[in-house]
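Working notes for the structure below.
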Amino acid sequence: MFPDHTPESAPPAARPTMAATAKKFGHIPPAVARMATSPETLNGFLKLNAIFETTTLTALEREVLVMTVATRNGCHVCVAMHTASLSGLSAPPDLIAALRAQAPLPSARLEALRRFTLTVMDTTGDVPPSSLAEFVEAGFTPRNALEVVLGIGTYTVSTYANRLIQAPLDEAFAGHAWDPETVGAAR
């Protein structure tokens, strides 16, 4: 139902994005090829992601948020890709392992971010004042709290779309494959 589009077979509005992605990565990842079925979804996710990348959260904090959403939503493609991103940031292996296992993180600050992200998701934004206070006490700001909402929204689009289109894992990330069933992460 969701074909692996090429720049020639994709809807015209998706073609520039596919070309830019191919230029950036040297190929078109399978998730992008299938998501191109809806240029609006593909372009929307990439625009949201570009905005999320400009937040005041650090690169590592953004990756912690993404991995929290990806594991919660069971997106094997996102977990593999963002495991690679964490490795590229020289994140400690115990941090990466904990994120992949949906376990408490070894860093108190990053664990506060992970917990807050889960609370925002669990409460659909109706975060108890005590949870927000805990987040701020860990060194985050009210601005960061809203940036968490942006990150959740951005990666909800990605994880839901990847699951809907049954995006196959890009070979470039095969070494970081993740199966939620084997780590007990399925909801």
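The values are calculated or read from the model by the stated rules, or taken from the named source; none is laboratory data. Nothing here was measured: the structure is a model prediction, and the numbers come from that model. Reconstructed Cβ throughout: ideal geometry from the backbone, glycine too, with neighbour counts over all protein chains shown. Only protein heavy atoms, including side chains, enter the accessible area calculation; ligands, DNA and RNA are left aside. Shrake-Rupley method; radii C 1.70, N 1.55, O 1.52, S 1.80 Å.
Once divided by 2.2 N^0.38 Å, the Cα radius of gyration of the stretch 116-187 becomes 1.39. Checking [x] 52, 31, 29; [y] 47, 42, 34; [z] 64, 36, 27 against the coordinates, the calculated Cα extents along the principal axes in Å falls under label [x]. Taking Cα atoms only, the orientation of helix 59-72 departs from the longest principal axis of the chain by about 80 degrees. Average accessible surface for the chain: 49 Å² per residue, computed with a 1.4 Å probe over protein heavy atoms with every protein chain in place.
Contact order for the stretch 1-69, expressed relative to its length and based on alpha carbon pairs under 8 Å spaced 6+ residues apart, stands at 30 percent. Look at the alpha carbon pairs under 8 Å that are at least 6 residues apart: their mean separation over the length of the chain gives a relative contact order of 31 percent.
Taking the C-alpha atoms only, the angle from helix 76-88 to the longest principal axis of the chain is near 70 degrees.
Provide the FRET efficiency to the nearest 0.05 for the Thr123-Glu53 pair, computing r from the beta carbons and using R0 = 22 Å. Can you show the working numbers first?
Numbers: r = 26 Å, r/R0 = 1.16.
Rounded to the nearest 0.05, the efficiency is 0.30.
Give the angle, between 0 and 90 degrees and rounded to the nearest 10, that separates the Cα long axis of helix 15-25 from the longest principal axis of the Cα atoms of the chain. Roughly 70 degrees, rounded to the nearest 10. Measuring nothing but how far apart in sequence close Cα pairs (under 8 Å, 6+ apart) lie, relative to its length, the stretch 66-116 scores a relative contact order of 33 percent. One quarter of the convex hull surface built on the alpha carbon atoms of the stretch 33-138 amounts to 7.4 nm², the projected area averaged over directions. Given the options Ala98, Ala59, Leu42, identify the residue whose Cα lies farthest towards the positive end of the charge dipole of the chain (+1 on Cβ of Lys, Arg; -1 on Cβ of Asp, Glu). With unit charges placed on the Cβ atoms, the residue in question is Leu42.
For the stretch 19-88, count all C-alpha to C-alpha pairs, find those more than 18 Å apart, and express that count as a whole percent of the total.
46
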